[in-house]
1. When G413 is evaluated against the numbered criteria (1) assigned to a loop (DSSP other than H, G, I, E, B); (2) on the phi < 0 side of the Ramachandran plot; (3) surrounded by 15 or more Cβ atoms within 10 Å (Cβ to Cβ), which criterion, by number, is the only one it fails?
2. With respect to the numbered conditions (1) of a type outside the set (D, E); (2) buried (at least 18 other Cβ atoms within 10 Å of the Cβ); (3) within 21 Å of the chain's Cα centre (by Cα); (4) assigned by TED's automatic domain parsing to the domain that holds Y139, which one is the sole condition not fulfilled by V520?
3. Read through the list (1) over 24 Å from A167 (Cβ atoms); (2) touching a strand residue (DSSP E or B) at 6+ places or on another chain (Cβ under 9 Å); (3) not in a helix (DSSP H, G or I), then give the number of the only condition that I499 fails.
4. Hey, which of the helices (runs of 4 or more DSSP H) in the range 51-161, taking only ones fully inside, have at least 2 residues that are surrounded by fewer than 18 Cβ atoms within 10 Å (Cβ to Cβ)?
5. In the range 449-459, which residue that is out of contact with any helix residue (DSSP H, G or I) (no Cβ under 7 Å at 6 or more places or on another chain) and over 17 Å from Q62 (Cβ atoms) is surrounded by the most Cβ atoms within 10 Å (Cβ to Cβ)?
6. I need the full set of residues from the range 33-81 which are in contact with a helix residue (DSSP H, G or I) (Cβ under 7 Å, 6 or more places away or on another chain) and among the acidic types (D, E), in order please.
7. Suppose we filter N465, N440 for residues that are under 17 Å from the mean Cα position of the chain (by Cα), free of Cβ contacts under 8 Å to residues at least 40 places away in the same chain and either on the phi < 0 side of the Ramachandran plot or surrounded by fewer than 23 Cβ atoms within 10 Å (Cβ to Cβ) (or both); which single one remains?
Amino acid sequence: MTITKKQWQKTTLAKWVATAALVMSAGQAFTANAAETPVQGGTLNVALGSDTPIIDPSITGQSVTALIDRNVVDSLVGQAEDNHFTPWLASSWEVNENHTDYVFHLRKDVTFSDGTRLDAAAVKFNLERILDPKTTSSYSKSLLGPVKTISTPDDYTVAIHYDSPFAPLLQGLSLPYLGIQSPTYLKNTPNTSNTVVGSGPFILKSFVKGSGSQLTRRADYHWGPGYATHTGPAYLEAINFKYLPESSVRLGALTSGQIQAIDAVPPVNSKSVKNNPALEVKTKENPGVSEVLYLNTSRGPFTDVKVRQAFQSATDPASAVKVAFFGTLKPADNVLGPQTQYYDPSVAKLLKYDLAKANKLLDEAGWTQKNSDGIRTKDGKTLTVDFVYDPTTIQSSDVTLFQAIQFQVKKAGFLLKLDPVDSGAFTDRTNNNQYDVVNNYYVRAEPDILRTVFLSSYAPPKGANYSVVKSLDAKLLEAVGAPDAKRQQLYSDIQHEIIEQAYVVPLYVPAYQLGISKKVHGVSWATNAKPNFYDVWLSH
């Protein structure tokens, strides 16, 4: 399997011509804005509703980090919106039939922003750093899978070898979490939490946790991804990402023109933004693991499958999501979102709000008594479950949602304690197994994301298996190298088991909701449902 940049450009040109013909034949002339020539310069100010504690993409799975770092680090391969893989740092590659050997041929004209060259040794250093347990790269490491060896046949060739088939590698390599950083910088920087040096179109000027990031254009950049609409330096002179957690403040900054783009458009204001002639809302539904509640199967009440199933049956995400998000997001009907490869729609029938079923299951589990507050008791203990979350990583609407769920499950006799903590305390609590419920979502178009979230070896502190599941290992590991039809069946079985065993409670399908000025042009979408800014330009 080999693809070259020339082949990609030829295919892209053909698609563009066909699309243009369709548009013109429909009698829809290009808009004035679309016909304008992109201009250089200007600063794009973007306000974010959630923060990231770490800016190094290799040591975090934070979605916000990927958004920022996509502008700073390049990937070996690109993935276009239609999911085709394109050249980037690698101009071509070969993959053997059983997906155990990947060989990448690198461009020879790429340098990092510190002036050092990007070559095979640099790529090898990055990947081996991620694989090193000392780096604590749990998410990035999961994207690489069970690598056997990494070799460099020559200065610009990198080969990655596996003992067993590993089909998801290309998709993982296209993500910012496996973006290539300067080895010189990495070797000389003991703590990379606050800095990153890559070969991307922008240079990270500063990152301050709780404040934001400042990026400046790299003037000599000319090796963008094959899916980009232009070559050469970015159009924008700078990008400023500002952390503004209050939704009203973000919205006010957008409508006043201080900010040109915001994420997490407040659901209650979505309609007004759409009706503003100077603004628009661009929405991209996330692939990957939906926003879910992980039920900890290793301790407390949720060691009993009937109690987990009762909790799942006592929740009514459809009504709770409607209240919290004003109809701007879809309730989830599976652990995976519909945009994910091998999403199985038949799983939806397993999820149904059924308070009578919840009560019956709790009776069968021995939680037959209730105290004066309506909370079930057993052997002198109350049916209390502790929901630990970090408020800085979620929207205010999520808190409203959690409160609605808290009210719903109380009807069945659960005392759901909402326990907001800072990022450090959250890590400590999850690493020490001191929680019953946590929440999150993961964005990835490849169903291998389920291995990241449910493989037993990835239980905290080694990863994100917050449900502490052990039963799915064989299927998850077989699926990474199986033929397509077998992979689909395995992932279908896995999705069914996750819901049937109530390892999670699906809440909603996340979507990136970008409120943006109509003076901003050229926004495209990465396959992790994040806006790309390399092709973006500003009109006056």
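The values are calculated or read from the model by the stated rules, or taken from the named source; none is laboratory data. Fair warning: this is a prediction, and the values are worked out from it, not measured in the lab. Cβ coordinates were reconstructed from backbone atoms using ideal geometry, including for glycine residues, and neighbour counts include every protein chain displayed.
1. The one condition G413 does not meet is (2).
2. (3)
3. So I499 meets the others, but not (3).
4. Passing ranges, in order: 120-131.
5. Among residues in the range 449-459 that are out of contact with any helix residue (DSSP H, G or I) (no Cβ under 7 Å at 6 or more places or on another chain) and over 17 Å from Q62 (Cβ atoms), the one surrounded by the most Cβ atoms within 10 Å (Cβ to Cβ) is A459.
6. Matches in the range 33-81: D51, D69.
7. N465
Residues checked against (1) in contact with a His (Cβ under 6 Å, 6 or more places away or on another chain); (2) without any contact (Cβ under 8 Å) to a residue 60 or more places away in the chain; (3) in a strand (DSSP E or B); (4) of a type in the set (S, T, Y):
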residue	(1), (2), (3), (4)
A485	no, yes, no, no
S492	no, no, no, yes
Y508	no, no, yes, yes
L514	no, no, yes, no
